[in-house]
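One structure below.
Please treat every number below as a calculation from the coordinates, not as lab data. Keep in mind that this is a model prediction, so the values were computed, not measured. With ideal geometry, Cβ positions are generated from the backbone for all residues, glycine too; neighbour counts draw on all protein chains shown.
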């Protein structure tokens, strides 16, 4: 991973049992090496096992140990928030289930928890209970968390929220900027409840260069002030943040030179060029033979047009990084090789077959079932990327490979959005390559952030084209640049071009192609379900008998008619 980071911190921490028989607090801190420091950040965490619970000590230790181990095992492409929340949800469920064995929730596995994650130039804070996170900046001492507790008397409070207390977890999440020199202070109530706020601030100011000494002094002060609880605290000083100078911070992106123009029979790092597969203004793709294994692969090389463009270089290297983290038979695999590269290029599996664009030319009238089977695979590939918080953002026939067995593989990740990488502050403006006008969702043209619903739109356009050989809004779609332009578009039913398309399937496609993302399906799985199972909502009711459209109204009407006939007959006989 080329995104180097100069984040560095100094720390001090302490955890004492105090006057209690055992220490039910737990603390942890981990500053990983690169590249994890850039991708995941560093973590500080404090937990206070509830004394009245039977397993408070086990609960706090479980929270700290499991979070630290699991957080750095989550996908690199996930955001801090996604990673932490999924871990905490699982942790809470486990603690709660263990606590059920004590029959009373308040006597189970319960702990407070405060977590600080510093990634790039942002601090992410997750908090539940009455442990705390503070920040000292330029003399301003600020409590960043709010206690989840209620006071029942002058000397008694109880927790309203904690890990393991309830099956449904409600964790506070805060996101604040970070500056060099910021000092973060995490503590359990055995410290901050017994050291006045002013004394806390002054101690931090006095021990700016001796963080461990500061922690020890705060514990001593709390004990002197009659603290009868466990005492734990941490101090994290931010000494250095990622360098804002692009030439320094991203120097590794420039270490490898761009390769020269390649032609058949040339050899690069034991890869022999077989033939050129594709060339554009942004890159070239070659079929190559690995002379060490005699296997064939695809080599993608950057265009010399962007040799001085650092944002382009980052995106080029990111393509391999992304592909290496997606595990799906419908997403092209990147080749991990330890051999030293002399040029900047990427090696991936060579996918046999042709592009879906060429396939559509060769198969102008495919069967409905065959088309649905192909689209189902496209959806599976896209969903595999979405599970890693990654959007392809350029799903189109030319980026979809299909072999003789109709097996689908998504390729080309040059336009991908990776949520976890987007959190890393860049020293330069990252290029925004948001797919192709013909297949890209309207929100991209309106400078709005894409989502999984944007991917849904692109897949629906591809599906429509496979079924009809045309585009759902015609050529007018590509000319749209504003919301008013899009509002004038008219969807042409697929059935008008291909009578074999069922009306309910056409209705599902139309819903997926709504201009507003809010009106589309919430999930790709819902779209696939409606494509494969007739949805009555999309049926044309004009040809359906009233007895089937609305049975209740039908029989109410019939009853009214019969009553009228009976009254008419009675009148006739009486008259």
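Between 0 and 90 degrees, rounded to the nearest ten: what's the tilt of helix 56-71 against the longest Cα principal axis of the chain?
50 degrees
Give me the distance in nm between label points sitting 7 Å out from Cα along the Cα-to-Cβ direction at residue 368 and residue 305, one decimal.
4.3 nm
For residue 522 paired with residue 263, estimate the spin-label separation in nm (one decimal), with each label point 7 Å from Cα along the Cα-to-Cβ line.
Between residue 522 and residue 263, the simple spin-label model gives 5.9 nm.
Can you tell me how the range 8-242 classifies by the Cα gyration tensor, rounded, prolate or oblate, using a/c under 1.5 as the rounded cut?
Oblate.
Once you have the Cα-Cα distance between residue 51 and residue 122, take 0.36 nm times their residue separation minus that, and quote the gain in nm to one decimal.
Length gained between residue 51 and residue 122: 22.2 nm.
Looking at the square roots a ≥ b ≥ c of the eigenvalues of the Cα gyration tensor of the range 5-132, which shape do they give, rounded for a/c under 1.5, prolate if a/b is larger than b/c, or oblate?
Oblate, since a/c reaches 1.5 and b/c is not below a/b.
What spacing in nm lies between the two simple spin-label points modelled at residue 212 and residue 270, each 7 Å away from Cα in the Cβ direction?
Simple spin-label model gives 4.7 nm for this pair.
Between helix 310-323 and the chain, what is the angle of the helix's C-alpha long axis to the longest principal axis, kept within 0 to 90° and rounded to the nearest 10?
Result, in degrees: 80.
What is the spread of the Cα atoms of the chain along each of their three principal axes, largest first, in whole Å?
Principal-axis extents of the chain (Cα, largest first): 101, 97, 44 Å.
Any chance you could run the full-extension gain for residue 94 through residue 529? It's 0.36 nm times the residue separation minus the Cα-Cα distance, nm to one decimal.
Gain in length upon complete extension: 153.3 nm.
Round to the nearest 0.05 the FRET efficiency obtained for residue 338 and residue 225 when R0 = 56 Å and r is the Cβ-Cβ distance.
E(calc), rounded to 0.05, equals 0.45.
What is the range 357-502 by shape, rounded, prolate or oblate, if you read a ≥ b ≥ c off the alpha carbon gyration tensor as root eigenvalues and call it rounded for a/c under 1.5, prolate for a/b larger than b/c, and oblate otherwise?
oblate
Just subtract the alpha-carbon distance of residue 476 and residue 36 from 0.36 nm times their residue separation and send over the number in nm, one decimal.
153.8 nm
Hey, what angle do you get for helix 197-206 against the long axis of the chain, alpha-carbon based, 0 to 90 degrees rounded to 10?
80 degrees
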